[in-house]
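These notes are about the structure you will find just below.
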Amino acid sequence: MTATEFGFDLLASDGGARRGRITTPRGTIETPIFMPVGTAGTVKGLYPVQVEALGAEIILGNTYHLMLRPGAERVAELGGLHAMSRWTRPILTDSGGFQVMSLAQLRQLDEDGVRFKSHIDGSPHMLTPERSVEIQTLLGADIIMQLDECSALPATVEELTRAMELSLRWAERSKKAFGAPRGRALFGIVQGGDNPELRSRSARELVEMDFPGYSVGGLAVGESQDVMFDVLSHTTPQLPVGKPRYLMGVGKPEDLLGAIERGIDMFDCVHPTRAGRHGHAYTRHGVINLKNARHRDDPRPLDETSGNENTSTWQRAYLHHLVKSGEMLGAMILSQINLAYYLELMVGARKAIENGRFAEYAAETRQGWAEGDIAPRA
């Protein structure tokens with residue numbers, strides 16, 4: 001494989017868990033990997049160099065938001081999303097379909113695509129499979145997603161079937177529009193809600209289309225964690241062993257561990273930075289709520305044993321003060337802490353899979369969460 005090609009190598013497995021490597025012209029991506037979300041071309045609260053320093057090897061951009069502002073054609077004229085954001089490593093973009101369904105005003109969906117009005121200014125837009133591919137190409141994404149329809153759960157079998165079949169037809173159109181550019185990849189998206197038969201059909205027909213990678217969509221949309229894990233346990237064995245598997249929009253650390261156990265390689269979610277903006281810190285002790293008054297006079301750091309300087313040095317009392325005062329620095333520090341933890345969790349998972357001890361690693365990690373935060377100061 002040359003440096004100009006997109007590829008995936010499975011390096012090790014341990015039960016259902018997989019250790020792999022994605023190759024792109026802009027760099028390699030070690031999997032399992034968590035992808036920080038840069039919705040509007042930025043990971044909120046952090047400089048790109050900070051995100052990279054934490055170990056992020058790929059970030060996500062949002063097609064819906066970027067097509068509305070500043071606009072895909074404008075981004076392309078300015079050199080693409082990499083040049084604008086000064087992020088030199090790979091970027092994955094979603095198709096925009098989920099945001100259209102959840103954010104846009106007065107949307108109308110038909111076979112051709114989705115007509116909608118912007119949630120920003122009410123301006124009319126049309127998103128088709130072909131236009132979604134075009135937008136993501138203009139943005140300069142290294143990995144792009146087919147346009148699909150994501151149904152909220154619970155939903156009837158009839159509704160799930162209609163959306164899944166439409167997503168399959170849109171997958172064919174997306175693949176045709178994408179062509180075969182070197183060094184970039186288009187992923188198909190498995191839909192079907194919580195229905196095993198529909199998930200099987202979606203996976204089977206997408207595999208027949210031969211995408212470079214496959215996403216599992218339509219989860220984290222209202223179902224329980226048990227339902228999500230059941231869907232993954234059913235779906236991932238039906239996807240090619242030699243291609244990456246991406247669980248879209250998930251999730252919290254416990255979601256990531258359970259999904260890795262079930263064969264997922266890639267994740268993205270706004271949760272770690274959003275939680276940071278709301279005063280929550282993720283550590284090996286679990287989630288710590290810095291709004292809680294018990295931190296008000298506590299000079300200790302969140303975790304003095306952490307290799308992340310922010311986690312091991314800032315006083316809880318100071319972080320509590322920043323959060324309660326609504327100071328920007330508090331959100332910035334906690335967002336960095338959370339992304340650091342998520343990425344450290346992935347590093348630990350990769351090492352554990354290589355050494356054939358992922359089950360032990362998962363159990364030890366969960367035990368730390370169960371034990372909870374360190375005892376209050378005496």
Looking only at the stretch 312-334, decide whether some residue is surrounded by 13 or more Cβ atoms within 10 Å (Cβ to Cβ), closer than 23 Å to ARG19 by Cα, basic (Lys, Arg) and out of contact with any strand residue (DSSP E or B) (no Cβ under 7 Å at 6 or more places or on another chain).
no
Those residues that are more than 19 Å from LEU343 (Cβ to Cβ) and surrounded by fewer than 17 Cβ atoms within 10 Å (Cβ to Cβ), I need them from the stretch 24-51; list them, please.
PRO25, ALA40
Look through TYR318, TYR361 and report the one residue that is under 25 Å from the mean Cα position of the chain (by Cα) and at pLDDT 95 or above.
TYR361
If you scan the stretch 25-52, which residues turn out to be among the small types (Gly, Ala, Ser) and out of contact with any helix residue (DSSP H, G or I) (no Cβ under 8 Å at 6 or more places or on another chain)?
GLY27
Do we find that GLY356 is surrounded by fewer than 16 Cβ atoms within 10 Å (Cβ to Cβ) and modelled with pLDDT under 95 in this structure?
no
So which residues in the stretch 184-207 are more than 25 Å from LEU127 (Cα to Cα) and either among the acidic types (Asp, Glu) or not in a helix (DSSP H, G or I) (or both), if there are any at all?
ASP194, ASN195, GLU197
When you go through GLU304, GLU364 one by one, which is the residue that is among the acidic types (Asp, Glu) and either assigned to a helix (DSSP H, G or I) or touching a residue at least 12 places away in the same chain (Cβ under 8 Å) (or both)?
GLU364
I need a count of the residues in the stretch 15-34 that are assigned to a strand (DSSP E or B) and of a type in the set (Gly, Ala, Ser).
3
Could you grab me the full set of residues in the stretch 50-82 that are over 18 Å from the mean Cα position of the chain (by Cα), more than 20 Å from GLY122 (Cα to Cα) and assigned to a loop (DSSP other than H, G, I, E, B)?
LEU78, GLY79
Considering each of ARG245, ARG199 in turn, give the residue that is under 30 Å from GLU172 (Cα atoms), of a type in the set (D, E, K, R) and in contact with a His (Cβ under 9 Å, 6 or more places away or on another chain).
ARG199
Got at least one residue in the stretch 290-298 being outside any strand (DSSP E or B), aliphatic (A, V, I, L, M), touching a Lys or Arg at 6+ places or on another chain (Cβ under 7 Å) and without any contact (Cβ under 8 Å) to a residue 40 or more places away in the chain?
no
Run LEU92 past the list (1) surrounded by fewer than 24 Cβ atoms within 10 Å (Cβ to Cβ); (2) within 27 Å of THR23 (Cα to Cα); (3) touching a Gly at 6+ places or on another chain (Cβ under 8 Å) and report the number of the one that doesn't hold.
(1)
Against the definition (surrounded by fewer than 20 Cβ atoms within 10 Å (Cβ to Cβ), modelled with pLDDT of 95 or more, of a type outside the set (Val, Ile, Thr) and touching a strand residue (DSSP E or B) at 6+ places or on another chain (Cβ under 9 Å)), how does LYS252 come out, yes or no?
yes
In the stretch 295-302, is there at least one residue being farther than 28 Å from ILE22 by Cβ and touching a His at 6+ places or on another chain (Cβ under 6 Å)?
yes
Kindly indicate the residue of the stretch 215-238 that is surrounded by fewer than 24 Cβ atoms within 10 Å (Cβ to Cβ) and closer than 18 Å to SER95 by Cβ and also farthest from the chain's Cα centre (by Cα) among those meeting that condition.
VAL221
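The values are calculated or read from the model by the stated rules, or taken from the named source; none is laboratory data. Fair warning: this is a prediction, and the values are worked out from it, not measured in the lab. Ideal geometry is used to build each Cβ from the backbone, glycine not excepted, and the neighbour counts take in all protein chains shown.
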